[in-house]
Amino acid sequence: MLFEDNIFYVIIKVLLVVVGTLGMMGSTTEFRHKPRQILSVFSLYLLYVTASSAAITVLFGYAFFLRIFLFTVSAPAIYLSFRLIGTQPAKTVFNHATQILLSLYLSMSMTLINTKIHGSEATDLLIRLAAYCIIIIAEYRFLRRPFLHVFSIVQNGWMILALIPCSLMFLAVALASYPVPYTENPTGVVFTYLLGAVAIVIYFSIFQYLSMQYRFQTTRQNIELLEFQVENLKEKMTQDAVATEQSRIDRHDTRHSFQTIAYLLEKGNTSEALDYITRSISRFQAETSVSYCKDILLNATLSAYFGQAKKAGITLETHLSLPDALPVDSGEFSIVIANALENSIKACCSFPVEQRIIIFRCIYKPKLMLEISNPCGDDIVFSPDGIPLSKEKEHGIGTRSIMAFCKKHNAFCSFGAENGQFTLKVVL
């Protein structure tokens, strides 16, 4: 039962389906604009949907509206979503065309169920409302996080993938509305659901492809990250080796300087000795390499990033108590510290110099614990699992690397932001 003679009901049903579909779109989407702007844009869009749907239904009939709604209703929704999201057009089309395709089958199924039970307009609306609420909640709870992760990692192939839901949408509409609406054509219903079965197989294949791409991209980014960190560590170790050699040379030269000073003093040339001492101090004065721990890789990491922090005008409060031998691979733990300090330094640089403070704690009794705190703003967004979400494209790799380390070693990891302070804690 379409109840197409009741224009008021038809418009209410169209609005319900549109709002439900928009909810499905939003459940797997991260918008870049403020909620007020989003609500304003979609409110104007719903006014357009109401006016255009009413006009088309009155002038040409509800069956005609069903045949062209992909152009009059769905296409504008995808365009507006793309403008509000700001990601690749192909990604937006794939995501939202998939949601529209699912909404088509959901709406068609609700109509068939209501027809089967000989329901009224009221029962039809209630069934649709319940179905959309369940789907939106389920997608937000189970699909949002993996969907956003895949979208952030996989960058290629979306143009080809976007053609799949678009083609399936047009084919589903054609089967359901030609030559007569599907409620009057049992054969059309069968073919439409057969198409749905094919769509499930296709999307299973897409899921396998995206999973493969996700693993490939994640592995490649992790390798690039490790290579970058290793190069930094090698450079720091080289600098430390040069500093050590220079220190040995300075000690050797200092011994000769003392002999010269002793000779001048023996001869009573006090002023020459003082002048020689002054010139020697200026010549041999150099920075002494600080040793934070005995592990070479970990010491190199701490020296490198503490040095970067000091150059950026950041005040460091360090509390270090490390064993001679770590319970985990020092290279892996060094990368965790490097990622954490890199994020902290970057966050501090957005604040005035007087507010740039990093509190660094790394102790091993009773357990190995790393805790880093730095100032932060009020705009930090966390995922349902408590992981901070990056607002910039190609960022967040360091956080994923830290989480991978914690998962591998069964370590406790927590991120928090309170009273203007962002804190990372890792406990083995």
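Looking only at residues of segment 70-88 that are free of Cβ contacts under 8 Å to residues at least 24 places away in the same chain and farther than 22 Å from LYS34 by Cβ, we find that the one that is surrounded by the fewest Cβ atoms within 10 Å (Cβ to Cβ) is PHE71. Taking the conditions (1) of a type outside the set (D, E, K, R); (2) surrounded by fewer than 19 Cβ atoms within 10 Å (Cβ to Cβ); (3) under 30 Å from VAL150 (Cβ atoms) in turn, MET24 satisfies each one other than (2).
Scanning segment 53-69 for residues that are free of Cβ contacts under 8 Å to residues at least 60 places away in the same chain, surrounded by fewer than 17 Cβ atoms within 10 Å (Cβ to Cβ) and within 23 Å of TYR178 (Cβ to Cβ) turns up ALA55, VAL58, LEU59, PHE60, GLY61, PHE64, ILE68. Looking across segment 297-318, just one residue is open to solvent by 10 Å² or more (accessible area, probe 1.4 Å), at pLDDT below 90 and in contact with a Cys (Cβ under 9 Å, 6 or more places away or on another chain), and that is ASN299. Please verify whether segment 417-426 includes one or more residues that are more than 21 Å from the chain's Cα centre (by Cα) and not in a strand (DSSP E or B). Yes. Any chance segment 347-357 includes a residue that's in a strand (DSSP E or B), surrounded by 13 or more Cβ atoms within 10 Å (Cβ to Cβ) and not hydroxyl-bearing (Ser, Thr, Tyr)? Yes; the residues of segment 347-357 include at least one that is in a strand (DSSP E or B), surrounded by 13 or more Cβ atoms within 10 Å (Cβ to Cβ) and not hydroxyl-bearing (Ser, Thr, Tyr). Determine if segment 133-151 includes at least one residue that is touching a residue at least 40 places away in the same chain (Cβ under 8 Å), hydroxyl-bearing (Ser, Thr, Tyr) and either surrounded by 20 or more Cβ atoms within 10 Å (Cβ to Cβ) or within 27 Å of ASP5 (Cβ to Cβ) (or both). For segment 133-151, residues touching a residue at least 40 places away in the same chain (Cβ under 8 Å), hydroxyl-bearing (Ser, Thr, Tyr) and either surrounded by 20 or more Cβ atoms within 10 Å (Cβ to Cβ) or within 27 Å of ASP5 (Cβ to Cβ) (or both): absent. Can you confirm whether segment 399-416 contains a residue that is part of a helix (DSSP H, G or I), closer than 29 Å to ARG141 by Cα, open to solvent by less than 80 Å² (accessible area, probe 1.4 Å) and polar (S, T, N, Q)? Among the residues of segment 399-416, at least one is part of a helix (DSSP H, G or I), closer than 29 Å to ARG141 by Cα, open to solvent by less than 80 Å² (accessible area, probe 1.4 Å) and polar (S, T, N, Q), which makes the answer yes. In the set (1) more than 25 Å from ILE397 (Cβ to Cβ); (2) modelled with pLDDT under 85, SER177 fails one condition alone, (2).
For first residues located in segment 415-428 and touching a residue at least 40 places away in the same chain (Cβ under 8 Å) and at positive phi, partners that are outside any loop (DSSP other than H, G, I, E, B) and surrounded by 15 or more Cβ atoms within 10 Å (Cβ to Cβ) and lie 6+ apart or on another chain with Cβ distances below 7 Å form the pairs GLY420/PRO375. Looking at LYS116, is it within 17 Å of ILE78 (Cα to Cα) and among the basic types (Lys, Arg)? In short, no.
Yes or no, residue by residue, for (1) touching a Phe, Trp or Tyr at 6+ places or on another chain (Cβ under 6 Å); (2) buried (at least 17 other Cβ atoms within 10 Å of the Cβ); (3) closer than 25 Å to THR115 by Cα; (4) modelled with pLDDT under 85:
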{"position": "ASP5", "(1), (2), (3), (4)": "no, no, yes, yes"}
{"position": "PHE8", "(1), (2), (3), (4)": "no, no, yes, no"}
{"position": "LEU15", "(1), (2), (3), (4)": "no, no, yes, no"}
{"position": "VAL18", "(1), (2), (3), (4)": "no, yes, yes, no"}
{"position": "THR29", "(1), (2), (3), (4)": "no, yes, no, no"}
{"position": "ARG32", "(1), (2), (3), (4)": "no, no, no, yes"}
{"position": "GLN37", "(1), (2), (3), (4)": "no, no, no, no"}
{"position": "SER40", "(1), (2), (3), (4)": "no, no, no, no"}
{"position": "TYR48", "(1), (2), (3), (4)": "no, no, no, no"}
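Within segment 106-127, residues that are touching a residue at least 60 places away in the same chain (Cβ under 8 Å) sit with their Cβ atoms under 6 Å from residues that are in a loop (DSSP other than H, G, I, E, B) and not β-branched (Val, Ile, Thr), at 6+ positions apart or across chains, in these pairs: THR115/MET1; GLU121/PHE3.
Whenever a residue of segment 163-182 is among the aromatic types (Phe, Trp, Tyr), its partners that are outside any loop (DSSP other than H, G, I, E, B), lying with C-beta atoms within less than 7 angstrom and at least six residues away or across chains, give the pairs PHE170/LEU70; TYR182/MET108; TYR182/ALA176; TYR182/GLY188; TYR182/VAL189; TYR182/THR192.
The values are calculated or read from the model by the stated rules, or taken from the named source; none is laboratory data. The structure displayed is predicted, hence computed values, not measured ones. Ideal geometry is used to build each Cβ from the backbone, glycine not excepted, and the neighbour counts take in all protein chains shown. Side chains are part of the model used for accessible areas, which takes the heavy atoms of the whole protein and leaves out ligands, DNA and RNA. Shrake-Rupley method; radii C 1.70, N 1.55, O 1.52, S 1.80 Å.
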